[in-house]
Amino acid sequence: MASTLFDGLEAPPAAKLLGWKLLALDTGAGTIKVEFDGKTAFVNSTGYIQGGFLAAMLDDTLGPITFAMTEGKTLGRTIDLHIHYLKPALPGRIVGLGKITQLGRRIAYLEGHLNDQDGNVVARATSSAMMFGYKHGNTST
C-alpha cells in the first residue's frame, strides 16, 4: 500500500487495543479498509465477540475517513452511530470497510460494515460525525 497520512502517527490506545491496521485507503472514493484483531478477551458468555467491541471496531473504521478526507486538518467526533448486528462474530480477523456518503463543512455522514474471517458481514453501521479542527497532538476545537 502507498504511504498515507496515517504513517508515522501513533495509534490511539483504543485502536491499539482493537489491533487496528490500515489495509487500504482511497480518498478519491472516500473509502477505507482496516483490520482488527478479534481477541478471545473480547468474547461474551456465548463465545462470540461482545457487541460493544464490534461497535468500537465500526467507530474506528468510520472515524479515520474524516481525517483522511480532510488531509489531517479535521477530525470527526461521532454524534450518532446506528448498528445492525447481523451475525455473531467469532474471535479472529475482522475487516472493517467504511465510506463517507457526504462530507460537509460541519457534519460528515458515513456507512460501513464488518466482515469476519470468512468474509461474512457480521455488522453494519451508519454514523454522523461533527467536524472540528485538528493539529497534531491537539484535540481541542
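Just a few scattered comments:
- Any hit, the stretch 15-23, residues being under 15 Å from residue 95 (Cβ atoms) and either among the charged types (D, E, K, R) or modelled with pLDDT under 90 (or both): yes
- Exclusive hit being crowded, with 19+ Cβ neighbours inside 10 Å and out of contact with any Gly (no Cβ under 9 Å at 6 or more places or on another chain), set 80, 59, 7, 26: 59
- A search for C-beta distances below 8 Å between a residue of the stretch 4-15 that is in contact (Cβ under 8 Å) with a residue 24 or more places away in the chain and any residue that is assigned to a loop (DSSP other than H, G, I, E, B) and among the acidic types (Asp, Glu), counting only pairs 6+ apart in sequence or on different chains, returns 5/71.
- Among residues of the stretch 16-25, those that are free of Cβ contacts under 8 Å to residues at least 12 places away in the same chain and touching a helix residue (DSSP H, G or I) at 6+ places or on another chain (Cβ under 9 Å), counted: 1
- Among residues of the stretch 61-85 that are touching a residue at least 60 places away in the same chain (Cβ under 8 Å) and farther than 15 Å from residue 7 by Cα, those with a Cβ under 9 angstrom from a residue that is among the polar types (S, T, N, Q) and part of a helix (DSSP H, G or I), sequence gap 6+ or separate chain, pair up as 74/66; 75/66.
The values are calculated or read from the model by the stated rules, or taken from the named source; none is laboratory data. The model shown is predicted, which means the values in this text are computed figures rather than measured ones. Cβ coordinates were reconstructed from backbone atoms using ideal geometry, including for glycine residues, and neighbour counts include every protein chain displayed.
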